Amino acid sequence: MNMPSILAADGVANLEAQPHCAEILEILRGPNLGTLFQPIISMHTAEIIGYEGLIRGPSSSLLHAPPTLFKMARACDVVDEMEYLCRKTLLEAFSKMGGQGKLFLNVSPDVLLRHVIHSNDTVDEIRRLGLQSEQIIIEITENAPTVDYQQLREAVIHYRSLGFEIAIDDLGEGFSGLRLWSELHPDYVKIDMHFIQGINLDPVKLQFVRSIQEIARKAGALVIAEGIENEGELIAVRDIGIAFGQGYHIAKPNPHLSWVIPPEVYTVLGANSLLRQARKSTVTVEKLVQEVAFVTPDHHNDEVYERFEDNPALYSIPVVVNGHPIGLIGRHAMVDRFARPYRRELYGKRSCQLFMDTSPLVVDKTVGLHELSELILQSEPHHLSIGFVITDTGKYLGMASGHDLLRLVTRMQIDAARYANPLTLLPGNVPLNEHIDNLLDNSLPFVACYFDLDNFKAFNDVYGYQKGDEVIQMTGNLLKNMCDPELDFLGHIGGDDFILLYQSADWESRCKELLAKFAEIAPLFYRQEHRDQGGIQTENRQGEKVFHSMFSISIGAVMVEAEHFQSYHEVSAIAAVAKKLAKKIPGNSLFVERRSAEALAASAPIVLADS
């Protein structure tokens, strides 16, 4: 990211002496490079977060394609000058068009190393254009010979100190991508388009990308999926949990900055954004955040040691550069090292980077507690004691420990047990009502299905409460199998009544499948004589014989549009009416309330008053 002069006089003469480099010289001399910008969007919010800056050579030239252009520049020994010109051209164009969001600029590792000394000039030039270094992402490409990783790591730390963020490009294309990731701890990782194209049809690609996403979560990096070319790939990338996406299905590279995304993309991701909000546990990692003052590489080991001595409760201290965590210093590791003879005298005035763990567990504040627990179980044991770093979109937010997590999870389990139905252990009324309100608050459409057993009291009276409990447990298990735990919410509100809040698009076919399975299983709870009769006979209070068909299940379904309902009270009232109408249909039945949302909402207060 330097801003030197394009070519010295001796460089021009050298190029003119090589006929095959003449066209390269013409490009370096004149403004004949084209600029394109391809949007990068958030897969969670469906918003454009930035652009990748792309260069094209002269349209009538064989050097129009970037690979050919840079290959020739390297062959003519002017790759530094060519990359500088490309970045300068992109920055100027980006600035003229408003320059909002992030700008990803490709830089070869060897070029980056050679021009660290010009980095302050780079920052000055960026500010002159009305931009901020925090907007610029240095995207390290793998098109250069092997470089010194130690020097590259130091260069990256230096650029971060100036405000730049770091990305590695085309992970999976070459051989050194994973090594670069391990050495540089980038803020962003771009997965090569080969693994994205057809991902919805190829289980191997799907597993590869899932693995990369898991590594990224542990390393505190954000993943960008390149080359999304159709809706199937978009949905697959979305469902894996990838942070950002880029590709022709979203937007093609354009000379102008695009500020909108296609409606079909927003339909997939916009709904997904709200869905993810509703699917998140109400308690995330953010609940664990403890404010711990960080140190930078400029702090000495003596200073860190004194911090530990002054605060006995401090178990670790994060090392942060320009807001980004790069390591963690544990109390026990520091004290153990300084307890050895002459260690403090030797290393006390050295940078605290010397003793830091360079691969700490880093998680975003939006990660759910269950997911965090899985990460810790899969990580090295010391992460449980040394703690983990919590970030907000890559920026340091605070710390937490395994003890903090255990305490909160235990408290949550106690609360869950308090409100769970003791027979099925499914959530009861309180968490169910909270989930309905959460869906309404997030403006999410859903289907409320009320499940109730018919003729169950007669069965219970004849066969006893223990057999009755078995029927209720069977019903709960069937319902669990008929819902997607990632999308739907099942509650047991008492007795033989269940509520299932469906967000699965195929909810109706799931309900019909349940009716078919229930019709097969229910008769098995009766003795053969009652199966032959089709039911049981009991006496009512007047001593009259009354015949009861074998128990069945009724489902009342209401399609809820959030904007027409104020709270769970209204939803439960409408669902109760739908259930009563379902019970009027003989046998196993499904009644779907087809009235408009406005009509349902208007009737809700009346129904609630009647009940």
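The values are calculated or read from the model by the stated rules, or taken from the named source; none is laboratory data. Since we're looking at a predicted model, the values are computed, not measured. All Cβ positions, glycine included, derive from the backbone under ideal geometry; neighbour counts span all protein chains shown.
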Selection from segment 149-162 of residues closer than 14 Å to VAL111 by Cβ and either under 32 Å from the mean Cα position of the chain (by Cα) or at pLDDT below 85 (or both) yields LEU152, ALA155, VAL156, TYR159
Just the residues that are farther than 16 Å from PRO360 by Cα and surrounded by 18 or more Cβ atoms within 10 Å (Cβ to Cβ), please, taken from segment 308-337. PHE308, ASN322
Leading residue by the ranking (modelled with the lowest pLDDT) among those in segment 440-452 that are outside any loop (DSSP other than H, G, I, E, B) and closer than 18 Å to GLU561 by Cβ: ASP441
What number of residues within segment 445-470 satisfy the criterion of being touching a helix residue (DSSP H, G or I) at 6+ places or on another chain (Cβ under 6 Å) and either of a type in the set (Val, Ile, Thr) or farther than 20 Å from VAL558 by Cα (or both)? 3
The residue that is farthest from HIS435 (Cα to Cα), considering only those in segment 477-511 that are surrounded by fewer than 14 Cβ atoms within 10 Å (Cβ to Cβ) and over 22 Å from the mean Cα position of the chain (by Cα), is SER509
Count - residues of segment 48-74 that are in a loop (DSSP other than H, G, I, E, B) and without any contact (Cβ under 8 Å) to a residue 24 or more places away in the chain: 2
Residues of segment 163-197 being assigned to a strand (DSSP E or B), modelled with pLDDT of 85 or more and not acidic (Asp, Glu), which ones? ILE166, ALA167, ILE168, TYR188, VAL189, LYS190, ILE191
Test GLU233 against the stated conditions and say whether it is buried (at least 22 other Cβ atoms within 10 Å of the Cβ), farther than 24 Å from SER133 by Cβ and not aliphatic (A, V, I, L, M). yes
Of the candidates VAL223, VAL237, VAL209, VAL260, the one satisfying the condition of being in a strand (DSSP E or B) and of a type in the set (A, V, I, L, M) is VAL223
Consider only pairs whose beta carbons are under 7 Å apart and that are at least six residues apart or on different chains; among these, list those whose first residue lies in segment 519-534 and is under 14 Å from TYR463 (Cβ atoms) and whose second residue is assigned to a helix (DSSP H, G or I) and basic (Lys, Arg). PRO523/ARG531; PHE525/LYS467
I'm told LEU384 meets every condition in (1) modelled with pLDDT of 90 or more; (2) surrounded by 14 or more Cβ atoms within 10 Å (Cβ to Cβ) except one. Can you identify the failing condition by its number? (1)
Do we have any residue at all in segment 453-466 that's modelled with pLDDT of 90 or more, surrounded by fewer than 16 Cβ atoms within 10 Å (Cβ to Cβ) and of a type in the set (Gly, Ala, Ser)? yes
Residue by residue through segment 86-138, note down the ones that are assigned to a helix (DSSP H, G or I), in contact with an Asp or Glu (Cβ under 7 Å, 6 or more places away or on another chain) and crowded, with 19+ Cβ neighbours inside 10 Å. VAL111
So, ALA416, is that one modelled with pLDDT under 75, under 25 Å from ALA448 (Cβ atoms) and not charged (D, E, K, R) or not? yes
